[in-house]
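*Asks:* Provided herewith is a single structure, encoded as structure tokens, for subsequent inquiry.
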Amino acid sequence: MKNLSSWLITIFVMMYWLFRVIVAITGSIGIDFVTSPINNNIEIALLFVVLICIPFIFKRKLLGAIIYLGGYGWYFGRGLVENIIKLINNETLSMQTYTDMFFSLIGIALPILVLFDILLDKNRTKNPVDKKTDWFYKNEEYDRKLDERADKNNYRTL
């Protein structure tokens with residue numbers, strides 16, 4: 001992760017994960033909070049899945065971003081579509097429903113940003129890191145030592 005945008009998106013992923021942890025805790029205790037979980041059991045399971053995906057996002061692995069998008073898209077997309085259908089049918093919605101829609105929209109937009117950030121990262125595909133060979137091929141000091149040693153070895157042949 002060499003871009004500032006990649007760092008900011010990843011930090012926002014972690015902040016949103018912490019926010020969802022607080023939402024899950026307040027939802028299970030029964031405390032009123034800004035938003036409420038759609039399904040508390042699935043929310044807790046999804047928190048663990050995202051916790052596993054965050055290191056993959058740091059490592060710029062596409063699989064982590066796809067799992068992250070699939071989990072959040074399935075969980076938040078369902079609630080967002082239900083609320084949009086209520087909004088289209090001119091039903092009166094409470095302020096709680098609007099805040100749930102807002103945080104669901106963030107929950108869907110954030111994995112899409114992560115996926116596009118990883119797909120469009122030129123350093124990930126252009127310069128992959130291979131620790132087995134980079135010490136040899138990308139080490140200029142080793143090349144200079146080899147060149148100096150080769151110049152000094154003037155052996156006579158019989």
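Since every read-out is calculated from the coordinates, none of them should be taken as a lab result. Just so it is clear, the structure is predicted and the values come from calculations on it, not from any experiment. All Cβ positions, even for glycine, are placed from backbone atoms using ideal geometry, and neighbour counts span all protein chains on display.
*Asks:* Leu18 versus (1) surrounded by 13 or more Cβ atoms within 10 Å (Cβ to Cβ); (2) under 20 Å from Ala109 (Cβ atoms); (3) not charged (D, E, K, R): which is the lone unmet condition?
*Replies:* Condition not satisfied by Leu18: (1).
*Asks:* Does Thr10 count as hydroxyl-bearing (Ser, Thr, Tyr), over 24 Å from Met95 (Cα atoms) and in contact (Cβ under 8 Å) with a residue 12 or more places away in the chain?
*Replies:* On the way: hydroxyl-bearing (Ser, Thr, Tyr): yes; over 24 Å from Met95 (Cα atoms): yes; in contact (Cβ under 8 Å) with a residue 12 or more places away in the chain: yes.
In short, yes.
*Asks:* Within region 40-53, work out how many residues are surrounded by 16 or more Cβ atoms within 10 Å (Cβ to Cβ) and under 18 Å from Trp7 (Cα atoms).
*Replies:* So the count comes out to 2.
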